[in-house]
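Notes to accompany the following structure.
The values are calculated or read from the model by the stated rules, or taken from the named source; none is laboratory data. Just so you know, these numbers come straight off a predicted model, no measurement behind them. As a convention, Cβ positions derive from the backbone with ideal geometry for all residues, glycine included, and neighbour counts pool all protein chains shown. Areas reflect the complete protein model, heavy atoms only, side chains present, ligands, DNA and RNA absent. Shrake-Rupley method; radii C 1.70, N 1.55, O 1.52, S 1.80 Å.
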Amino acid sequence: MRHRTLFRPKLRSATRRLIAFLAVAASSAMLGLTAAAPAHASVNMVVNSDMQTLNSSGSPLCWEQSGYGTNVASFSTSNETEDGVGNAMQISMTQAGTGDRKAMMQESQSCAPDVTPGHQYQLGVWYMSTTADAVITMFRHDTQDGWVYWQDLTQLQVESSYTYATVDTPAIPANTDQITWGVTIYGVGTLLTDNYSTSDITSPTSDASCSAGAACTQGSWQVLPFDSPVRAIHAVLLDNGDVLMIAGSGNDPNEFAAGTFESAVYNPTTGSFTVIPTPSDMFCAGHVQLPNGNVLILGGTGAYPAADGSHGYEGLNTSYIFNPTTMAYEQVNNLNDGHWYPSATELGNGDVLSLGGLRADSSGSVTAEYFSYAQMQWLPLSQVNQTWSFWGLYPAMVLMQNGDLFYTGSHVFGNNITPDSSIYNYSTNTVTAVSGLQNPQMTDQSMSVLLPPAQNQEVLTAGGGNIDTTTPAVNTTDLIDLSATDPTYTPGPTLPAGTLSDGSTEPAGEGKMYVSLVDLPNGHVLETGGGLIDREEPVYEASIYDPIANTFSEVASDPVPRTYHSSAFLLPDGRVMAVGNNPGDGSFDMRVSVYTPPYLYDGARPQITSVANTEWTYGSTQHVTVDSTDGAVTSAELIRPAAVTHSSDPDQRFVDLPITVNADGSLGLNVTDNDNIAPPGYYMLFVENADGVPSIAQWVHLT
Ligand SMILES: [Cu+2]
């Protein structure tokens, strides 16, 4: 049995938070600074690790207060935290006796960390204590016997300021699928604990490294133990790794009438939400990150349909910037027209072009809008090229390597436009039709994605339906190579058949709309969520598309239905988050799911240990060092953070970084010289080993 305890002085909070942002996961921040750090950073598996999220009775969600015996003690949450964020857990024992008191991660499916037999985990906690009668105690969940006491790992000391304690578990025994742990106090005194972490530190052998059973090939889904506080209709990954979730009025006419507009920022590391004052109804607005990491938001809902049928949804002409540093919205000048469901594509020069949506009178807007990044404003009508044609609702406009925009055919609602798909040259203001879509009348809430790597200029369009009909959604996919002389769609493989809510398998040939497609760091694409007909029949199915093999492989499916107003997006730790579902009865599913792809069960993750410079320029070579014990790093790429809604994130892209290995073993990453391949802004830098196991991302800024 291995016991190891090490203590290190408390870092200044600001420093620690900054490092946490840079390294994304708190666990890796700690690892990066500790002399005895394990070689492999991995995800902090503790939910609500800073105890910021409270349950309805006011105690920290996912934390269970327990104990036994004749002692007298009380539990409370304290604002005397280690880092000024969330809460600390306080246990005060006023009279010792038999037994003890402890706070541990709740023994439930979604709170206690999942573990793999044979693996070892590093546990970490910040604490202060007036008694040395305190010990880290661990329980394990036996697949036959249920929750059982496992062992005490290490005694703590009296500490008058926050001190970090960390210990490695022994190898997890067979038949164990979860552990929980906490600090037990059994003497008179006061114990404060904060910022818990649990991470996998196993160094697997290179062969047969996955011992996680079905998850090795299927991945696994976790439904988080807390709900989103807002209807997550829009999700934008910010340059600090947090997620901006925008509801606006959230498709609720009562909220609209009350002027209640909402958004929240979610921190995936701590599991906590910060509610953001929201100045206008950004429900069904457009959004895209600007080169400086700020989020440009355009349009939204000016009115819900009138009861007397005199008008439908009306588009706003207002526009805001969300600034991740100040965590606030700032108004910019108005658009030239109202836009409800507008597109937003960042161009190679950092400007933004928007097409489509409904105007203030609820008719289709034929006004293109152009945002000048240099001027930080929408240009007046006289300075914007116009086709004066209606591009539909959320038309998926993908920036091509030559600066043209590809309308993939994916859009929202049944109001198809002509041509079915096209290439738009903004400079010359010309539209060239593109043919080959198999079901051009069934691309309502299909999804399109620029496949990895962006340099290949291939787009996948998957599924789709038509809410103006009762025709079931299609299972077809279409592929196109935009680098060809005359790009034309060709049929791709069909999506795997999903499971319907009655447990039956979908009839042959039927598929899904409300599809989500997410570029993954190993160069594959996760396809998840969706529904069969309008928003009434969820389809439970997920698969991973391999662009080289041109195949979809079915994987574990999200247990939560994800139809209308659902989204999925990549997190900086290599997992995928899924949010939203807004069935026809007007309800909204507030549950949040997280998918752990098979690659996170496939051995040790490479770790980016240093990036010489995080300000990157086009055509440069950037130097990084990587710790990769499970095989050398074989690929590196930049992935643009998501800005997704309604199966639409046409700015999503994966940009390959060809690698040069330097004499000292460091890597030179060669950055594209084409700003249309990688429009300016913040990107997640990932590296992978030969097994496709990705690192945790490091943020870099490309301009
Ligand atoms: Cu909508």
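Apart from one condition, residue 625 fits all of (1) at pLDDT 95 or above; (2) among the β-branched types (Val, Ile, Thr); (3) in contact with an Asp or Glu (Cβ under 7 Å, 6 or more places away or on another chain); the exception is (3).
Yes/no per residue for (1) farther than 21 Å from residue 583 by Cβ; (2) surrounded by 19 or more Cβ atoms within 10 Å (Cβ to Cβ); (3) within 16 Å of the ligand (Cβ to nearest atom); (4) at pLDDT below 95:
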residue: 205; (1), (2), (3), (4): yes, no, no, yes
residue: 211; (1), (2), (3), (4): yes, no, no, yes
residue: 218; (1), (2), (3), (4): yes, yes, no, no
residue: 233; (1), (2), (3), (4): no, yes, yes, no
residue: 247; (1), (2), (3), (4): no, yes, yes, no
residue: 250; (1), (2), (3), (4): no, yes, yes, no
residue: 256; (1), (2), (3), (4): no, yes, yes, no
residue: 262; (1), (2), (3), (4): no, yes, yes, no
residue: 314; (1), (2), (3), (4): yes, yes, yes, no
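Looking across 632, 643, 604, one residue alone is open to solvent by less than 50 Å² (accessible area, probe 1.4 Å) and out of contact with any Pro (no Cβ under 7 Å at 6 or more places or on another chain). It is 643. Highlighted here are the strands (runs of 3 or more DSSP E) found entirely within region 275-326 that include at least 3 residues which are touching a Gly at 6+ places or on another chain (Cβ under 9 Å), under 21 Å from residue 237 (Cβ atoms) and aliphatic (A, V, I, L, M): 295-298. Apart from one condition, residue 586 fits all of (1) within 16 Å of the ligand (Cβ to nearest atom); (2) surrounded by 20 or more Cβ atoms within 10 Å (Cβ to Cβ); the exception is (2).
For the structure I just gave you, tell me whether residue 370 is of a type outside the set (Asp, Glu), within 16 Å of the ligand (Cβ to nearest atom) and in contact (Cβ under 8 Å) with a residue 12 or more places away in the chain. In short, no.
Does residue 574 fit the bill of being in contact with a helix residue (DSSP H, G or I) (Cβ under 7 Å, 6 or more places away or on another chain), open to solvent by less than 10 Å² (accessible area, probe 1.4 Å) and among the small types (Gly, Ala, Ser)? Yes, satisfied. Taking (1) aliphatic (A, V, I, L, M); (2) over 20 Å from residue 640 (Cα atoms); (3) modelled with pLDDT of 95 or more in turn, residue 398 satisfies each apart from (2). Here residue 649 fulfils each of the conditions (1) out of contact with any Lys or Arg (no Cβ under 7 Å at 6 or more places or on another chain); (2) open to solvent by 10 Å² or more (accessible area, probe 1.4 Å); (3) closer than 25 Å to residue 512 by Cα apart from (2). Against the list (1) over 29 Å from the mean Cα position of the chain (by Cα); (2) within 16 Å of the ligand (Cβ to nearest atom), the condition residue 413 fails is (1).
Of the residues making up region 370-383, those that are crowded, with 17+ Cβ neighbours inside 10 Å and out of contact with any helix residue (DSSP H, G or I) (no Cβ under 9 Å at 6 or more places or on another chain) are 371, 373, 378.
Could you tell me which of the residues 89, 93 is over 35 Å from the mean Cα position of the chain (by Cα), touching a residue at least 12 places away in the same chain (Cβ under 8 Å) and either closer than 20 Å to residue 47 by Cβ or open to solvent by less than 30 Å² (accessible area, probe 1.4 Å) (or both)? It is 93.
Would you confirm whether or not region 404-424 contains a residue that is modelled with pLDDT under 95, closer than 27 Å to residue 509 by Cβ and touching a His at 6+ places or on another chain (Cβ under 8 Å)? Scanning region 404-424 turns up at least one residue that is modelled with pLDDT under 95, closer than 27 Å to residue 509 by Cβ and touching a His at 6+ places or on another chain (Cβ under 8 Å). When the strands (runs of 3 or more DSSP E) confined to region 429-504 are screened for residues that are open to solvent by 20 Å² or more (accessible area, probe 1.4 Å), those reaching at least 2 such residues are found at 430-434, 477-481. Scan region 559-568 and tell me whether some residue there is within 16 Å of the ligand (Cβ to nearest atom), more than 16 Å from the chain's Cα centre (by Cα) and within 21 Å of residue 233 (Cα to Cα). The answer is yes; a qualifying residue exists.
When residues in region 670-692 are screened for being modelled with pLDDT of 95 or more and part of a loop (DSSP other than H, G, I, E, B), 10 of them pass.
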